[in-house]
């Protein structure tokens, strides 16, 4: 196997833990509890900078405008907010000379982390302005650190099975059904290729599709993905940074094959350790080398309007605004936005091509597993589909789910402050958008 470097990669891990307790996001049952009670586990953002091997790093991480460099941020957050992402990406691009479309801001979807958006009802988590501003400042500096740390690397890829995910919608049917899942655990290893230096792992990506919702305690946590990443970083040593990339897990929860796993710190630790063991088995197996992509790394972004069902009438909103709870808050939010309401929401998908047969597909939605499986089929397994990337518009579901009803297609739209559920036609648009993006 050739030892020739495939690309440049730099990685770093920064602390994303709030300086003081703030409210957590992800569980409506925490509404009214106020800031988190304690820190179960600190949270982080893991940052990866990539560039073609022909480019040499600039001192201090400053990038020339001509450099084809990209950045992937995997943060222990529920998601990044669509209300914050555009301005932050412009800031990153201006600071480091990057293309805005080459920046992927991804959330591991931990439901025990702060809210990073002001776009939703407070029942998904009340945002803290000071924390969000501090988080963005830390990530901005961390991107510079990752860019400055780039070294030549070879890329290896492998996959295995990890039967943690369970389809939560299937469990609600009578009789219960298993429903579609994606148990594939994909692992990408970036190995330093420096003449005269001992071989070492610079970074690892772990891709899997399963909600980090084991615990709803009012304690800060990076959940099972963070446990696994930390364990692997210790095992690999040498400053290796392990980033978890959350798949299309909109309807997938942790389960034992029969029921959803819920609990506290012990259950989080156990699932994280099992996940790390599964990843270690893949790393210890026969990873295959990934070849360079003709033309080097590249990226494409597409935005498609997804139609909504009929928008609410002002009279209905005015009548409901005085209601208690999330329904009243939803009505007040829609009234405040009423003049600007549109009968669609923007579905944004970005493909980052890293190497030949290895790409990331970021979606600004809580995409259900059917779309992750679709992306893998369309790309013959070359693409790792990511939800919770570069914003959040809500659950992107299938037409069949809309017909069935339930939390993801209907009830969640109130919590997400969506003006209305998606129309059935949205599925075809999502499928066409992904097919067009992945055609090459």
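The values are calculated or read from the model by the stated rules, or taken from the named source; none is laboratory data. In this text the structure is predicted, and so the values were computed from the model without any measurement. Positions of Cβ are generated from backbone atoms using ideal geometry, with glycine treated the same way; all protein chains shown enter the neighbour counts.
Out of curiosity, is residue 74 closer than 25 Å to residue 269 by Cβ and either modelled with pLDDT of 95 or more or under 18 Å from the mean Cα position of the chain (by Cα) (or both)? It would help to see each step written out before you state the result.
Details: closer than 25 Å to residue 269 by Cβ: yes; either modelled with pLDDT of 95 or more or under 18 Å from the mean Cα position of the chain (by Cα) (or both): yes.
The answer is yes for residue 74.
Please determine, by comparing only the residues of the range 151-166 that are in contact with a helix residue (DSSP H, G or I) (Cβ under 7 Å, 6 or more places away or on another chain) and assigned to a strand (DSSP E or B), which one is farthest from residue 112 (Cα to Cα). Let's see the steps before the verdict.
Taking the range 151-166 first, the residues in contact with a helix residue (DSSP H, G or I) (Cβ under 7 Å, 6 or more places away or on another chain) are 158-160, 162, 164.
Filter once more, keeping what is assigned to a strand (DSSP E or B): 158-160.
On the way: 158: 30, 159: 28, 160: 27 Å.
Restricting to residues being in contact with a helix residue (DSSP H, G or I) (Cβ under 7 Å, 6 or more places away or on another chain) and assigned to a strand (DSSP E or B), the top hit is 158.
Tell me which residues, restricted to the range 127-150, are in a loop (DSSP other than H, G, I, E, B) and either in contact with a helix residue (DSSP H, G or I) (Cβ under 9 Å, 6 or more places away or on another chain) or surrounded by fewer than 21 Cβ atoms within 10 Å (Cβ to Cβ) (or both). Within the range 127-150, 128, 149, 150 qualify.
When the residues of the range 183-216 are narrowed to those that are in contact with a helix residue (DSSP H, G or I) (Cβ under 9 Å, 6 or more places away or on another chain), at pLDDT 95 or above and outside any strand (DSSP E or B), which ends up surrounded by the fewest Cβ atoms within 10 Å (Cβ to Cβ)? Steps first, answer last, please.
First, pick out the residues of the range 183-216 that are in contact with a helix residue (DSSP H, G or I) (Cβ under 9 Å, 6 or more places away or on another chain): 184-187, 189, 200-201, 204, 206, 208-216.
Applying the additional criterion that residues be at pLDDT 95 or above yields 184-187, 189, 201, 204, 206, 208-216.
Keeping just the survivors that are outside any strand (DSSP E or B) gives 209-216.
Values: 209: 28, 210: 26, 211: 25, 212: 29, 213: 22, 214: 27, 215: 22, 216: 17.
Going through the qualifying residues, I end up with 216.
Condition first: more than 17 Å from residue 327 (Cβ to Cβ), without any contact (Cβ under 8 Å) to a residue 40 or more places away in the chain and surrounded by fewer than 20 Cβ atoms within 10 Å (Cβ to Cβ). Now tell me which residues in the range 406-431 satisfy that. Give the derivation first.
Step one: of the range 406-431, the residues more than 17 Å from residue 327 (Cβ to Cβ) are 406, 408-409, 422-431.
Filter again for without any contact (Cβ under 8 Å) to a residue 40 or more places away in the chain, leaving 409, 424, 427-428.
Those that are more than 17 Å from residue 327 (Cβ to Cβ), without any contact (Cβ under 8 Å) to a residue 40 or more places away in the chain and surrounded by fewer than 20 Cβ atoms within 10 Å (Cβ to Cβ): 424, 428.
Looking only at residues in the range 27-43 that are under 21 Å from the mean Cα position of the chain (by Cα) and surrounded by fewer than 23 Cβ atoms within 10 Å (Cβ to Cβ), which one is farthest from residue 153 (Cα to Cα)? Among those that are under 21 Å from the mean Cα position of the chain (by Cα) and surrounded by fewer than 23 Cβ atoms within 10 Å (Cβ to Cβ), it is 28.
Restricting attention to the range 225-268, the residues that are over 30 Å from residue 396 (Cα atoms) and in a helix (DSSP H, G or I) add up to 9.
Quick grid of which residues meet (1) under 30 Å from residue 189 (Cβ atoms); (2) touching a helix residue (DSSP H, G or I) at 6+ places or on another chain (Cβ under 6 Å); (3) surrounded by 14 or more Cβ atoms within 10 Å (Cβ to Cβ):
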residue	(1), (2), (3)
291	yes, no, no
294	yes, no, no
297	yes, no, yes
303	no, no, no
315	no, no, no
322	no, no, no
